[in-house]
Amino acid sequence: MRRKLAAGNWKMNGLRADLAALDTLAEQRGFDVDVLICLPATLIGSCAGLPFAIGGQDCHSATHGAHTGDISAAMLADIGATHVITGHSERRSDHHETDAMVAAKSRAAHEAGLTAIICIGETLVQRADGSTLAVIDAQLAGSVPDCATADNTVIAYEPIWAIGTGKVPTTEQIAEVHAHIRARLAARFADGADFGILYGGSVKAENAAAIFAVPHVTGALVGGASLKPADFTPIIAALAAS
Ligand SMILES: O=C[C@H](O)COP(=O)(O)O
């Protein structure tokens, strides 16, 4: 099994002055889990020397070329990133990213030596109509490239209706989906039993311990609560204690 991973996603938040929060987070560290902060690309190059990993939030599927405004996986690696989020629901919706595009970005990440955190998850309508597991199956099949291994890929299950809403699935619902993801990975990949599988969506200090007690949950992808060390540190501590 992979080491536990507490991953923060700052989304489109943060100026250079806000990097002081990472120094504060570093001072409070000492937990035996991996910590990753996925920053806006503008800030990644300013984070050398901190005692945790730094990641990007997206990359292009091409290595280089005429793609104004985009950045490649190699560019992220070049400024010190070790991970990149691919297929976040906000990019799937805002930028019309398909499973095939997510798979291509994830493959590009692997080729640049980055770990891809591939996001999947259902909408509230899909949850309500009983198609959650079918949606998960389709996203896993379409978004996770064949070159994925437990060393270069982490899956993040993020129910879209739980992101930034304060609504969290029951632990039974999380358990069902995580067990399903684990089974699908084990069936497809030789090391599928070893992939990290994160939960994401309104993770807070108050609910973290219950979520981390769910079988097959190996960590979290945390949005809003990763912005302040006072909010993120208790989540890291809960993961370390799980
Ligand atoms: O990438 C993180 C997820 O979108 C969760 O965001 P949230 O913790 O603000 O709900």
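So the values come out like this:
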| quantity | calculated |
| --- | --- |
| Interchain or long-range residues, amide H under 5 Å from VAL222's placed H | ALA7, GLY8, ASN9 |
| ³J(HN,Hα), Karplus 6.51/-1.76/1.60, whole Hz, each residue of segment 50-67, x for Gly, Pro | 6, x, 8, 7, 10, x, x, 10, 5, 8, 7, 7, 8, 6, 5, x, 7, 9 |
| Projected area averaged over orientations for segment 40-84, convex hull of C-alpha atoms, nm² | 3.0 |
| Partners for LYS228 among aspartates and glutamates (Cα-Cα distance below 16 Å; same-chain residues under 8 apart left out) | ASP18, ASP23, GLU27, GLU206 |
| CD proxy at 222 nm, helix term only [per DSSP H run n ≥ 4: -39500 (n - 2.57); per residue of the chain; nearest 500] | -11000 deg cm²/dmol |
| Sorted by Cβ density within 10 Å, fewest first, the residues SER72, SER131, SER226 | SER131, SER72, SER226 |
| Calculated FRET efficiency for the pair ALA241/ASP70, C-beta based, R₀ 30 Å, to 0.05 | 0.15 |
| Over the chain, volume per residue of the alpha carbon convex hull, in Å³ | 112 |
| Alpha carbon centroid spacing (whole Å) that separates segment 43-91 from segment 158-176 | 27 |
| Exposure proxy order (Cβ contacts within 10 Å, fewest to most) of LEU43, LEU133 | LEU133, LEU43 |
| Dimensions in Å of segment 152-242 - Rg and Dmax from alpha carbons | 12.9, 40 |
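No lab work stands behind these numbers, since they all come straight from the coordinates. As the structure is a computational prediction, the values presented were derived from the model and not from experiment. Don't worry about glycine lacking a Cβ; one is built from the backbone with ideal geometry, like all the others, and counts go over all protein chains shown.
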